[in-house]
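Notes follow the structure.
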Amino acid sequence: GADGCLIPDCQDMQIVTDTGVVTLTGIEAPPAVEETPFRLFPNPARDYVRLQASHSYAGGGPLRFALLNALGQPVLERRWPAFAPGREEHIPLGELSPGWYTWALRQEGRMVQSGKLVVGR
């Protein structure tokens, strides 16, 4: 546009430093936060986590939850024949060692959502 922006929704940003003010022109606006279909909490966790489907989640067939260690090996798995919007499940973590884990949700073989989980004691 006439203000120096070549992309829609851009804006100028001023950064104040100890040597003056720097103006950056044409900074892209941050993307809108998209609601994810599931929430895994608390994170960090100790003894359990809760898996909650958003109310906008479409639901559907069998859902598989897997928790993977740093080597990518499954250390915990849960399966549900169906998972409705708004549903919440309590998942005990048992005797998992403290550390970083990756979680993944698959439905009918396709990845629905994944993320990181920190387990402490």
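The values are calculated or read from the model by the stated rules, or taken from the named source; none is laboratory data. Note that the structure is a prediction, hence the values are computed from the model and not measured. We place every Cβ from the backbone using ideal geometry, glycine too, and count neighbours over all the protein chains shown.
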Scanning region 81-121 for residues that are of a type in the set (F, W, Y) and at pLDDT 95 or above gives W100, Y101, W103
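Identify the residue in region 25-48 that is part of a strand (DSSP E or B) and modelled with pLDDT of 95 or more and, among all such residues, is farthest from P85 (Cα to Cα).
Among them, the one singled out is A45.
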So, in region 59-80, of the ones that are within 15 Å of L105 (Cα to Cα), loosely packed, with under 12 Cβ neighbours inside 10 Å and of a type in the set (G, A, S), which residue ends up modelled with the highest pLDDT?
G72
Restricting attention to region 88-121, and to residues there that are over 18 Å from P42 (Cβ atoms) and of a type in the set (K, R), which single residue is surrounded by the most Cβ atoms within 10 Å (Cβ to Cβ)?
R106
For the condition within 17 Å of K116 (Cα to Cα), outside any loop (DSSP other than H, G, I, E, B) and aliphatic (A, V, I, L, M), what is the one hit in L71, L51?
L51
Selection from region 62-115 of residues that are over 14 Å from P37 (Cα atoms) and hydroxyl-bearing (S, T, Y):
S97, Y101, T102
So is V22 of a type in the set (V, I, T) and either modelled with pLDDT of 70 or more or surrounded by 15 or more Cβ atoms within 10 Å (Cβ to Cβ) (or both) or not?
no
Among the residues of region 85-116, which ones are closer than 17 Å to A53 by Cβ and either out of contact with any strand residue (DSSP E or B) (no Cβ under 7 Å at 6 or more places or on another chain) or in contact (Cβ under 8 Å) with a residue 60 or more places away in the chain (or both)?
W103, L105, E108, R110, V112, Q113, G115
What is the residue count in region 83-121 for residues that are in a strand (DSSP E or B) and not charged (D, E, K, R)?
19
